[in-house]
1. Could you give the length gained on full extension between Thr145 and Ala181, defined as 0.36 nm per residue of separation minus the Cα-Cα distance, in nm?
2. Could you compute the longest span of the chain free of trypsin sites (Lys or Arg not before Pro) located in DSSP loops and having at most 15 other Cβ atoms within 10 Å, not counting the site residues?
3. When averaged across all projection directions, what area in nm² does the alpha-carbon convex hull of segment 31-77 cover?
4. How large is the dipole of the chain about the Cα centre if only Lys and Arg carry +1 and Asp and Glu carry -1, each at its Cβ, rounded to the nearest 20 debye?
5. For the chain, modelled as a Gaussian network with Cα springs under 10 Å, which listed residue fluctuates most, Gly199, Gly34, Gly215?
6. Over segment 100-162, consider all pairs of different Cα atoms and compute the Kirkwood hydrodynamic radius from their mean reciprocal separation; express it in Å, one decimal.
7. Cross-link candidates for Lys57: which aspartates and glutamates have Cα within less than 13 Å, leaving aside residues fewer than 8 places away along the same chain?
8. Keeping every protein chain present and rolling a 1.4 Å probe, give me the accessible area per residue for the chain in Å².
Amino acid sequence: MDTLISPPRAGRFEAALQKIFTRSARVQDIEPIGEGFRLLTLDGDALRNLDWTPGDKIQVMLGGWVQRTYTPISWDAEAGSTRILVYLHGDTPGTQWVRALRLGDSCAFFGPRKSIRLAPAASPVILFGDETSLGLGAALSAQATTYMLFESAKRADTEAVMHRLRLPNASVESDPHALQAAMAALLQAHPDADIVLTGKAGAIQQMSRLLHQHGTAAKRRQSKAYWAPGKTGLD
């Protein structure tokens, strides 16, 4: 059973700053996917008439100045709604936050802001990541032909998300050697693809070495580390 640790509350000055610079949304829907994911729909007037590009990020305030970054899967600027996928990763602040959420709850966030951006006339994209990268995969696949390779120790949960989000050209592996082989096959099949590496910092470093061995030009690569063991504050 999870124990919810209440995040620090913002003081009056901090609360006033957050009110000025953040947007407010309401939790319109919470959809469990497997045991490890929650698909959230957020809505509100503050989400209307905003410029959003697939791959942009939002930073959700969890209490005080504690925040976590998520990639919106979609954004309806006319209706004022967006969807994000939350991965329940250990007993972290993000997991505690989403487990405590109820329909109708309010939340505040910064953004949307630039994070991963594809060129306007995007080439095919090869996306590498893990459970934290699935939302980005859904967002990018709506913009360009995207081939996705995910690392996950819990294949069933990840495959459930891939099915729910209707991710095309997506596969999941847990064995490091199988991941390397799968990436090598993608590079060979799509030599002109742009490469996006996300997720765990150490896994990105390993894949970067493989790309170097294959002679993949640095200008065709983007990397974004979402997390690393024992570290906080990564994007």
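The values are calculated or read from the model by the stated rules, or taken from the named source; none is laboratory data. Being a predicted model, the structure only gives us computed values, none of them experimental. Note that we place each Cβ from the backbone using ideal geometry, even for glycine, and neighbour counts take in every protein chain shown. Side chains are part of the model used for accessible areas, which takes the heavy atoms of the whole protein and leaves out ligands, DNA and RNA. Shrake-Rupley method; radii C 1.70, N 1.55, O 1.52, S 1.80 Å.
1. So the chain would gain 10.9 nm between Thr145 and Ala181.
2. 167-230
3. Mean projected area for segment 31-77: 4.3 nm², to one decimal.
4. Numbers: 26 positive and 23 negative charges, 133 e Å.
For the chain, the charge dipole is close to 640 debye.
5. Sorting by GNM fluctuation, first place goes to Gly215.
6. Numbers: mean 1/r = 0.0718 Å⁻¹.
Computed over segment 100-162, the radius equals 13.9 Å.
7. Asp235
8. 52
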